[in-house]
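Asks: Provided herewith is a single structure, encoded as structure tokens, for subsequent inquiry.
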Amino acid sequence: MPNRTGLILRHEFVHTIKKKGFVILTLAVPLIILLGIGIFRLASSVVSPSAAVTRIGYVDHIGGFEPLYELAGIELIRVESEELATEELTEGALDEYFVIPADYVAAGTVARYTLAKELVPPPAVSSAIEGFLDSNLLASEVPPELIGRVLTPTSIVTTTLTAEGTVAEDQGGFTNFIIPTLFGALLAIALNVSANYVLQSLGEEKENRLMEILLSTVTPSQLLTGKLLGRGAAGLLQVLVWAASIPLLLQLASAAIGGAVRAIQLTPGLLVLGVVYFILGYLLFAVVALGIAAVCSTVREAQGIAPLFTLAAVAPFWFISLLMFFPDSPIWVVFSIFPFTAPVTMMLRLGITGVPTWQMVASMAVLVASVLGGLWIAAKLLRIYLLMYGKRPRLREIVHALRAA
Amino acid sequence: MPAVEVIDVVKAFKEKVAVDGLSFSVDKGEIFGLIGPNGAGKTTTLRMMMDIIQPDTGQVRIFGEIPSQATKGRLGYLPEERGLYKNLTVIETISYLASLKGMHVQAIESEADALLEHTGMLPSKRKKIEELSKGMSQIIQLIVTIVHDPELVILDEPFAGLDPVNTERVKQLLLELRERGKAVILSTHQMNQVEAVCDRILMVNEGRAVLYGALDEIRTAHRGHAVLVESDAEVPLVAGVVERRTHKDHVELTLDAASTPQRTLAALVRAGVPIERFAVSTPSLHEIFLQTVGGDRDAE
């Protein structure tokens with residue numbers, strides 16, 4: 001007796017990984033990130049800091065304003081009048097100029113003139129003018145060393161401690177947000193793509209009238225299990241390729257970009273949880289896809305309904321700013337327990353805040369229960385609708401058929 | 001032991017009784033025709049044999065056993081609603097479906113090659129299914145059905161959409177299967193094909209058997225008391241003839257109860273009619289079908 005589930009699994013796996021779309025998508029994600037790193041390096045080498053100095057004139061109607069410190073790339077030049085400044089600007093002796101009115105201290109407004117058409121003043125220019133004005137106003141009031149502190153923004157360095165008072169291994173912060181976000185996005189893509197493969201597989205067999213040929217050889221449960229595992233294995237392979245490419249990409253990004261990227265780490269715990277949530281999430285979305293494909297006559301029809309469910313996988317991204325600023329909001333507990341949003345939500349939360357163990361256990365338990373329940377319903381739908389073609393049944397008819405089965 | 005025994009089987013879908021107390025058997029080494037109008041219960045009966053659906057009451061036995069996964073490997077089934085993987089090649093398709101039937105990899109290629117050669121399809125072995133014509137695809141479907149050398153072959157409308165050349169190929173394959181001792185069940189609406197290849201038939205209507213037995217016996221039983229005469233001259237109403245009906249190339253004479261075909265032939269010869277052909281009138285299966293299930297119903 002052949003292992004028919006194994007044969008179907010192998011067929012589905014091989015058939016999926018040989019598809020052009022699968023190969024392109026699997027390679028595209030790391031390649032796009034590589035391309036991004038390459039473009040950054042190229043741009044960095046091409047757009048190196050300009051050696052030219054921006055000459056900014058100023059007309060001082062208060063009197064006593066002088067450059068108090070050197071500014072890299074900017075030279076501030078006193079000009080006696082607006083007319084003279086305009087003349088020098090049009091002749092190219094100045095790049096731009098600004099006027100300090102007599103009521104500047106009360107009004108707080110300076111007028112800036114330039115030949116360039118721009119949306120907002122360049123940040124370097126704004127910063128230079130503000131620094132020039134602030135330092136002159138403070139010069140007679142506070143010691144010079146205080147002027148520097150006032151003009152330079154404060155840097156807050158946070159250290160997370162453990163309950164025992166030692167420095168925690170996981171320090172949180174923005175760098176820890178990047179990997180889970182990336183991983184969550186890849187998980188959402190993989191869940192959608194894998195569920196779509198299952199939908200296509202069953203839908204095509206139904207559309208191409210292969211179902212009865214297959215059911216004359218295998219049982220519906222063998223067919224269902226083989227498809228779930230075969231297509232799931234292909235999806236898992238895709239996720240693992242992406243996960244395996246992350247350390248290499250991080251290394252390249254670190255060398256190219258440096259800074260915060262150097263601090264990013266892919267922890268084994270996150271990787272393991274990522275795989276667990278992929279498997280549970282995939283099984284859930286796949287059984288939903290099987291149920292949809294079972295009641296629809298064509299792949300196109302099934303693909304029109306599937307997004308109602310698979311969009312839930314990406315729903316947590318719509319609230320990502322809420323997660324950044326209010327990570328303890330109750331909505332995240334709901335999203336973590338609700339099975340369709342749980343996989344991606346947990347990936348995102350794990351990177352930003354610690355997730356209580358009970359929530360992790362609850363989300364996995366609900367996912368497992370949903371998969372088993374979904375499988376039971378999908379198997380029933382398969383038996384009822386697999387050999388039916390033509391008009392798709394209405395929801396009420398499906399519920400009635402499920403009750404009667 | 002018969003290849004198939006269907007014993008008083010009933011199957012209903014909600015209020016609709018699709019099969020209503022059907023009983024018949026099919027032996028090895030025969031081609032059995034299952035015929036009937038639309039919705040007669042033929043496909044439901046075949047699906048119960050294949051264990052795709054189960055009877056409400058009654059029994060189906062395949063080689064003496066209740067249909068199960070074990071019996072499926074001994075069967076070849078070509079359903080009416082059929083297709084193939086469009087993106088796979090011919091040999092990939094045959095290999096996958098044959099492996100599900102339990103064939104070993106080494107055996108699949110040699111058997112597939114032999115059947116492809118036999119049906120003239122060997123040049124298409126590496127072609128994708130989507131590149132084949134409809135007729136060629138149907139030949140591949142038939143090959144998929146029989147490549148694992150099943151003992152019982154069930155074919156639902158195997159001639160649908162085939163051109164005369166491919167129809168003849170399929171007929172030859174069926175006759176060869178019978179010669180090799182296989183049991184073949186043929187469900188079709190093409191009565192001429194049933195007459196050409198079937199040994200026995202079961203005609204079903206509204207889920208019940210209306211005719212069952214050897215094709216020759218059924219035709220004999222439905223034979224009217226009439227003769228066919230083909231002649232260049234006019235055929236007269238000789239003694240014992242009560243009605244004369246003229247057809248395109250022959251005349252049909254209906255005899256009275258006391259007459260026999262032999263007496264009528266003698267009377268025609270005596271009357272000097274030059275006879276080119278004389279035969280006892282036997283109704284075609286199509287005519288029997290229409291008579292039995294009602295002339296107002298079209299065959300599927």
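The values are calculated or read from the model by the stated rules, or taken from the named source; none is laboratory data. Since the structure is predicted, the reported quantities are computational estimates derived from the model, not experimental observations. Note that each Cβ is placed from the backbone with ideal geometry, even for glycine, and that neighbours are counted across all protein chains shown.
Asks: Just give me the residues in segment B:97-106 being surrounded by 15 or more Cβ atoms within 10 Å (Cβ to Cβ), of a type in the set (A, V, I, L, M) and either more than 8 Å from chain A (Cβ to nearest Cβ) or at positive phi (or both), in sequence order.
Replies: Correct list: B:98, B:103.
Asks: Scan segment A:15-35 for residues that are assigned to a helix (DSSP H, G or I) and either polar (S, T, N, Q) or facing chain B (nearest Cβ under 10 Å) (or both) and jot them down.
Replies: A:15, A:16, A:26
Asks: While we're on this one: Considering each residue of segment A:66-92, count those that are at pLDDT 90 or above and of a type in the set (A, V, I, L, M, F, W, C), and give that number.
Replies: 6
Asks: Only helices (runs of 4 or more DSSP H) wholly contained in segment B:66-177 count here; list those with 1 or more residues that are closer than 28 Å to residue B:5 by Cα, of a type outside the set (Gly, Ala, Ser) and assigned by TED's automatic domain parsing to the domain that holds residue B:51.
Replies: Counting at least 1 such residues, we get B:69-72, B:90-100, B:134-146.
Asks: Going through segment A:188-200 one residue at a time, which ones are within 14 Å of chain B (Cβ to nearest Cβ) and buried (at least 22 other Cβ atoms within 10 Å of the Cβ)?
Replies: The one that is within 14 Å of chain B (Cβ to nearest Cβ) and buried (at least 22 other Cβ atoms within 10 Å of the Cβ): A:197.
Asks: List the residue pairs whose Cβ atoms are under 7 Å apart, where the first residue sits in segment A:315-330 and is without any contact (Cβ under 8 Å) to a residue 60 or more places away in the chain, the second is exposed (fewer than 12 other Cβ atoms within 10 Å of the Cβ), and the two are 6 or more positions apart or on different chains.
Replies: Listed pairs, sorted by first residue: none to list.
Asks: Right, something else. Filtering segment B:77-91 down to residues that are of a type outside the set (A, V, I, L, M, F, W, C) and surrounded by fewer than 19 Cβ atoms within 10 Å (Cβ to Cβ), which residue is nearest to the other protein chains (Cβ to nearest Cβ)?
Replies: B:81
Asks: For the subset of segment B:47-65 comprising residues that are outside any loop (DSSP other than H, G, I, E, B) and either in contact with an Asp or Glu (Cβ under 6 Å, 6 or more places away or on another chain) or within 9 Å of chain A (Cβ to nearest Cβ) (or both), which member is modelled with the lowest pLDDT?
Replies: Taking the candidates together, the pick is B:47.
Asks: In segment B:68-85, is there at least one residue being touching a residue at least 60 places away in the same chain (Cβ under 8 Å), in contact with a Ser or Thr (Cβ under 8 Å, 6 or more places away or on another chain) and on the phi > 0 side of the Ramachandran plot?
Replies: Within segment B:68-85, not a single residue is touching a residue at least 60 places away in the same chain (Cβ under 8 Å), in contact with a Ser or Thr (Cβ under 8 Å, 6 or more places away or on another chain) and on the phi > 0 side of the Ramachandran plot.
Asks: Is it fair to say residue B:179 is in contact with a strand residue (DSSP E or B) (Cβ under 9 Å, 6 or more places away or on another chain) and either modelled with pLDDT under 90 or not aliphatic (A, V, I, L, M) (or both)?
Replies: So residue B:179 does not fit the description; no.
Asks: Is it true that some residue in segment A:236-250 is within 14 Å of chain B (Cβ to nearest Cβ), farther than 21 Å from residue A:191 by Cα and in a helix (DSSP H, G or I)?
Replies: No, there is no match, as no residue in segment A:236-250 is within 14 Å of chain B (Cβ to nearest Cβ), farther than 21 Å from residue A:191 by Cα and in a helix (DSSP H, G or I).
Asks: Which members of segment A:95-143 meet the condition of being hydroxyl-bearing (Ser, Thr, Tyr) and in contact (Cβ under 8 Å) with a residue 24 or more places away in the chain?
Replies: Scanning segment A:95-143 gives A:97, A:104, A:113, A:114, A:135.
Asks: Here's another thing I want to ask about it. So which of A:94, A:84 ends up being in contact with a helix residue (DSSP H, G or I) (Cβ under 6 Å, 6 or more places away or on another chain), in the same structural domain as residue A:144 (by TED's automatic domain parsing) and not in a strand (DSSP E or B)?
Replies: A:94
Asks: Taking the condition surrounded by 14 or more Cβ atoms within 10 Å (Cβ to Cβ) and over 29 Å from residue B:198 (Cβ atoms), does residue B:241 pass?
Replies: When the stated conditions are applied, residue B:241 passes them.
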